[in-house]
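Undergrad: Quick one: the structure is below, questions incoming.
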Amino acid sequence: MVEKTQLKVLGIKIETIRLLLRVIIFISVAGAAISSRLFSVIRFESIIHEFDPWFNFRATKYLVTHSFYEFLNWFDDRTWYPLGRVTGGTLYPGLMVTSGAIWHILRDWFSLPIDIRNICVLLAPAFSGLTAIATYFLTKEMKDSNAGLLAAIFMGIAPGYISRSVAGSYDNEAIAITLLMATFYFWIKAMKLGSVFYGTLTALFYFYMVSAWGGYVFITNLIPLHVFVLILMGRYTHRLYTAYSTWYALGTLASMQIPFVGFLPIRSNDHMAALGVFGLLQLVAFGDYVKSRIDSKQFKTFLVVSLVLVTSLGIGALFALTALGWIAPWTGRFYSLWDTNYAKIHIPIIASVSEHQPTAWPAFFFDTSLLIWLFPAGIYLCFQELRDEHVFVIIYGVLCSYFAGVMVRLMLTLTPVICVAGAIALSKLFDVYLDVVDLFKEEAEVTEGKEKEKKSTKQASKLPILPLLSRLLVMVFFTFYLFYFVLHCTWVTSSAYSSPSVVLASKNPDGTQNIIDDYREAYYWLRMNTPEDAKVLAWWDYGYQIGGMADRTTLVDNNTWNNTHIATVGKAMCSNEDVAYKILRQHDVEYVLVIFGGLIGYSGDDINKFLWMVRIAEGIWPEEVHERDFFTEKGEYKVDGDATKTMKESLLYKMSYYRFNELFSGRDGTDRVRNQSIPAANAPELNVIEEAFTSSNWIVRIYKVKDLDNVGRDLHQATAFEKQSDKQKRTRVIKRPSLELRE
Amino acid sequence: MRVSILQFFAVFASLVSVGIAALSNDQLQNLVKGQGTKKVLTITDDNFAEILNGPRDYHIVVLLTSESSQINCVLCKEFRPEYELLANSWVQDHPNGLTEKELEVEEDFTGIPPKNIYFFYSEFMQSRNFFQIFQLNSIPKVFHFPPSDKAGPNNFIKEVKEYQFFQGQHSELLRSWIADQTGLKVNLYVPTDYYRIAVNFIGLVSILLLVRRFKKQVIQIITSRFLWSGFSLISILLLTTGYMFNQIRAVPYMRAHENGKLEYFIQGQQNQMGVETQIVSFIYGILSLLFVVLIKKVPEIKNSTVLFIAVAIVSVLIFIFYSLLLCVFSLKGMGYPYRFINFF
């Protein structure tokens, strides 16, 4: 674009056409991003997925039915019974406020009364379109708008991001990645221009991010690290100073307005890096000022003296504050990120969550396909140019590779930088090989140059076939790869990331789909057949779902803030009936819910999670619960005839396999998950609880806790007596507790 | 070895003077005091009957183990220092046994009256008979013998309690086990390792001196863009191919079948072996390198025929390696449907 003459095509300015094309491309990218996230809605229905989204959905419903202040002061007495949860002060309200605002705007301004559930379901796909645009702007700062457009489409359809933002996955990450990209874009812009305006925008989006996701700490550390590296590289400028000081001061103050964050930014060590770099920047700025005023020899003395002074003061202050007990910089948490075994040994509840497991290599390729090997090439290109913003991409890339390797859920934060780096690399390739204009132009220049060899002038008259052909070759290959990339992304999204996990799907032998809807069946039963204030005991995984779908009080849920309480539930599950009954009565439990997949082969059931319950319970009651007791002599985890006595007597085992053999007409049953046979002899018998409901595929089984006996027998005697009289009468085989239908 | 033999003689000598009856608390106390820096007493075939046959007025904890190279027990070697640390910590807190004050506590919450604890160590090579009594088929074992007033021989076999080995910090686990058994809390004192501090200090100083001496070269290295980019790229290649997974899970490098066939890839998206990281990072690296060559080096070729050939070669190579990557990925199962060329 050296010549300034306005080119025109069909009488329209080329810039106008370019703008038009760009807008069309944006709309297409957003369309692709949104539509590829709709698989689950089309296949199943508009439904909230998994576990955490159910809590967010419930909180959002609370927000739109109550005022904003009531929401912030919300004390939820329907979870963590009998403790309750200060929900308003312990959640990140950004997500709920966003969908609440959309709901209000649509209803009040446009008179479109849309169900809040549909807004919640479709929020993540809608924001993915915005993420694509934010990624465009970020990448544009790194290279040019061509790379930006590529990054936008990569970001739109990369499975690594889709995994957390399909329709129905109404989680904090759904909007957080958008905000992450926007914050980074404004930071790069602010740092480049040294503008207070962009610095303020960075702070504003940072605030939004803080309100939406605990992962904001990533920004809190990445930006200071970027500044720190730039200072080390001797790239301090006034622009950097302006941008960082603006962002830090405003962003920190703003983030402290979120109740859950509160005073963390000046207390917790996660935020200390940002504070430290802020201090360092002031010193560097002062040094820079002094340097400009005095000659270099004096400056050297000044530098040495002040360095010694600052270091000794800093160390002194650190020791003094630690001694006074104001700060605790070397606590266990500090090491947990670096020593990856720390959490595993000391905090079983962290180790039990599959999201906290390390990532094997297939996951990286699965989530990014072609981009994963373009990523190093893109980083290499960044090193070639190494402007200030490229340093940012490099730091982000290396650091996030580490985090994503350690914890599988952090693939989510790695995906954007892979898309950016991949787009930089690929657009460089297109720059070199797609632009055929210079081939002809070169020819023209060569013909004009008189001193050039005459050979080339002769060749010039011919069409440059070979160069054209080589360009074509590269283009064919890479177009093919990109085409394949789209196929890969669609396949991954459709096969792996589009299951609501509330509703399961299986294939019949003839290929038709079979929907397994046990969860909702059971939750609906709870909702309709139990008293409104009934307390339901279940493992914490299902707490949010029971709260959201069945609207019943739970003892523990997915917000795992109280380890002891979870261990109590674990203990009830892994103890024998008498111990368990005591716990159940103490906690007013009326119903116990277990997930059992042995009949249809659903592997995510409670028996498979059982060892974690045992471990967590053992952490609190090491004298009463022993993990070893659940393994056979040979150290195997068995549920068949070889199962240990403790295993067979545990409440969970009994609840899972109660009357299981009746399905096999009294013969040994087969557990399809563990491929073990359940002996019909001494089938589990229940004394203190009775079966209340079992869903059609046996996935959810609900038991009612028996009340104390009317005539003062213990429950074993009572059950035995009842059984005897049943036998004599031979009237009812199936006995269900009499329950009244709730009005 | 020499130390333990000496220890043995010390024990033996004192035994001869005492006779056959079980040792009293004071005698054991003197033995512990007679020890050097390591406060663990030794049990062998010659003295176990005297020590363990009751009545006893104290707790005895014995580690049955072997450091012999014939047996080659990894856990034994791993466990012994932690055991000794625990014993030393106990003696450091109670150089003269339990104090009056501690003894006064009749029964605390555990319901076990407080009695002193003595730590013993038994090496298989010197106490085969002793090991035979317990019919052990695996070591290490930690046994606890509670106080007893029964005088009969070999009564201790019925009184023994065994410690279960678990994953984790041995000293902590053992400590809580001892607390369960004896009702006494052992405070751990990790001794300051002056040797290591000195080594670290000398290392630091020498590095600083070296930096000062080769200031120019050091600065050159630190500011070298080549080194930094190499470091970043290699770490990215390793980290995105499951290096951390290998570290955390301690997976095997590769697996050999009985028929001698080596297995390089294991099924499953959430699983991998050590060699997979190397293979896959190599493929990624080659692909990235070829890509960079394609956009940086190849366009510099002036001659159009050579250019075409170079472009063709690089493109085809990328294609081949990418196909290879897809094939390798399909090996991991999951029914991945896409492939360019089928290698295997």
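A short reminder: the numbers here are calculations on the coordinates, not readings from a lab. Here the structure is a predicted model, which means the values were calculated and not measured. Cβ coordinates were reconstructed from backbone atoms using ideal geometry, including for glycine residues, and neighbour counts include every protein chain displayed.
Undergrad: Could you check the spin-label model distance between A:Ile294 and A:Trp109? Points 7 Å from the Cα along Cα→Cβ, value in nm.
TA: Here the answer is 5.7 nm between the modelled labels.
Undergrad: Given labels modelled 7 Å from the Cα in the Cβ direction, how far is it in nm from A:Phe664 to B:Tyr264?
TA: 4.3 nm
Undergrad: Could you give each residue of segment B:228-239 its phi-based ³J(HN,Hα) in whole Hz, using Karplus coefficients 6.51, -1.76, 1.60 with θ = phi - 60°, and x for Gly or Pro?
TA: 4, 5, x, 4, 4, 5, 5, 5, 4, 4, 6, 5
Undergrad: Which percent of Cα-Cα pairs in the protein assembly as shown sits in each 10 Å bin, short to long?
TA: Using 10 Å bins, I get a P(r) of 2, 8, 14, 18, 18, 17, 12, 7, 3, 1, 0, 0 for the protein assembly as shown.
Undergrad: What full-extension length gain, to one decimal in nm, is calculated for A:Asn562 and A:Ala323 as 0.36 nm per residue of separation minus the Cα-Cα distance?
TA: Full extension of this stretch gives 83.1 nm more.
Undergrad: Once amide H atoms are placed 1.01 Å from N in the peptide plane, what residues at a sequence separation of 5 or more from B:Ile60, or on another chain, have their amide H within under 5 Å of its amide H?
TA: Hits under the 5 Å cutoff: B:Tyr118, B:Phe145.
Undergrad: Here are some pairs, A:Lys571/A:Lys704; A:Lys291/B:Lys215; A:Lys192/B:Lys297; A:Lys582/A:Lys723; B:Lys39/B:Lys77; A:Lys609/B:Lys261; which of them have Cα atoms lying more than 27 Å apart in this structure?
TA: Too far apart for the 27 Å limit: A:Lys192/B:Lys297; A:Lys609/B:Lys261.
Undergrad: So for chain A, averaging the separation of alpha carbon pairs under 8 Å that are six or more residues apart and normalising by length, what relative contact order in percent results?
TA: 12 percent
Undergrad: Return the sequence-ordered ³J(HN,Hα) values of segment B:260-268 in whole Hz as given by the Karplus equation 6.51 cos²θ - 1.76 cosθ + 1.60 applied to θ = phi - 60°, using x for Gly and Pro.
TA: After applying 6.51 cos²θ - 1.76 cosθ + 1.60, I find x, 7, 8, 10, 9, 10, 10, 5, x Hz.
Undergrad: Kindly put A:Val210, A:Val579 in sequence by how many other C-beta atoms sit within 10 Å of each C-beta, fewest to most.
TA: A:Val579, A:Val210
Undergrad: Counting each DSSP H run of 4 or more residues in chain A as -39500 (n - 2.57), what helix-only mean residue ellipticity at 222 nm follows after dividing by all residues, to the nearest 500 deg cm²/dmol?
TA: That comes out to -19000 deg cm²/dmol.
Undergrad: Indicate, rounded to the nearest 5 percent, the antiparallel portion of the DSSP beta bridges found entirely in the protein assembly as shown.
TA: 65 percent
Undergrad: Something else: Work out the mean other chain Cβ neighbour count within 10 Å for the residues of A:624-631 and drop it here as an integer.
TA: Mean shielding by partner chains, rounded to a whole number: 1.
Undergrad: At a Förster distance of 41 Å, what's the computed FRET efficiency of A:Leu439 paired with B:Phe282, Cβ-Cβ distance as r, to 0.05?
TA: Once the sixth-power term is evaluated, E becomes 0.70.
Undergrad: With θ taken as phi - 60° and the coefficients 6.51, -1.76 and 1.60, list the Karplus ³J(HN,Hα) couplings across segment B:83-89 in order, rounded to whole Hz; mark glycine and proline as x.
TA: Coupling constants for segment B:83-89: 5, 5, 4, 5, 4, 4, 4 Hz.
Undergrad: In peptide A:377-384, what is the residue-averaged number of other protein chain Cβ atoms found within 10 Å of each Cβ?
TA: Taking the mean over all residues of the peptide, I get 6.
Undergrad: Is any helix in chain A, taking whole DSSP H runs, at least 30 angstrom long along its axis by alpha carbon and on average at least -1.0 on the Kyte-Doolittle scale, and which ones?
TA: A:14-35, A:116-142, A:172-193, A:272-293, A:296-324, A:411-433, A:465-496
Undergrad: Right, something else. Going by the alpha-carbon gyration tensor, a ≥ b ≥ c the square roots of its eigenvalues, is segment B:225-331 rounded (a/c under 1.5) or, if a/c is not under 1.5, prolate (a/b greater than b/c) versus oblate?
TA: Note, shape of segment B:225-331 comes out oblate.
Undergrad: Something else: Once amide H atoms are built 1.01 Å from N in the peptide plane, which residues 5 or more positions from A:Lys535, or in another chain, come under 5 Å H to H?
TA: So A:Lys535 has HN proximity to A:Glu590, A:Tyr591.
Undergrad: Oh, and also: Summarise the partner chain shielding of A:580-591 as one whole number: the mean count of Cβ atoms from other chains within 10 Å of each residue's Cβ.
TA: So the per-residue partner count for this stretch is 0.
Undergrad: Quick check on segment A:518-729: what does the Kirkwood estimate of hydrodynamic radius come out to from the alpha carbon pairs, in Å?
TA: Value: 17.6 Å, from the Cα pair sum.
Undergrad: Separate question: Just rank A:Met647, B:Met254, fewest to most, by other beta-carbon atoms within 10 angstrom.
TA: B:Met254, A:Met647
Undergrad: So, one more: Starting from the amide H of B:Arg255, placed 1.01 Å from N in the peptide plane, find each other amide H under 5 Å away whose residue is 5 or more places distant or on another chain.
TA: Answer set, sorted by chain and number: B:Glu263.
Undergrad: Okay, next question. At R0 = 45 Å, how high is the FRET efficiency between A:Val310 and B:Lys38 if r is their beta carbon distance? Nearest 0.05 is fine.
TA: Plugging the Cβ-Cβ distance into 1/(1 + (r/R0)^6) gives 0.45.
Undergrad: Another question, then. Could you put B:Ser122, A:Ser650, B:Ser66, B:Ser24 in order, starting from the residue whose Cβ has the fewest other Cβ atoms within 10 Å?
TA: Going from least to most buried by this count: B:Ser24, B:Ser66, B:Ser122, A:Ser650.
Undergrad: Please give the length that would be gained between B:Thr99 and B:Ile301 if that part of the chain were fully extended, namely 0.36 nm times their separation in residues minus their C-alpha to C-alpha distance (nm, one decimal).
TA: Full extension from B:Thr99 to B:Ile301 adds 63.9 nm.
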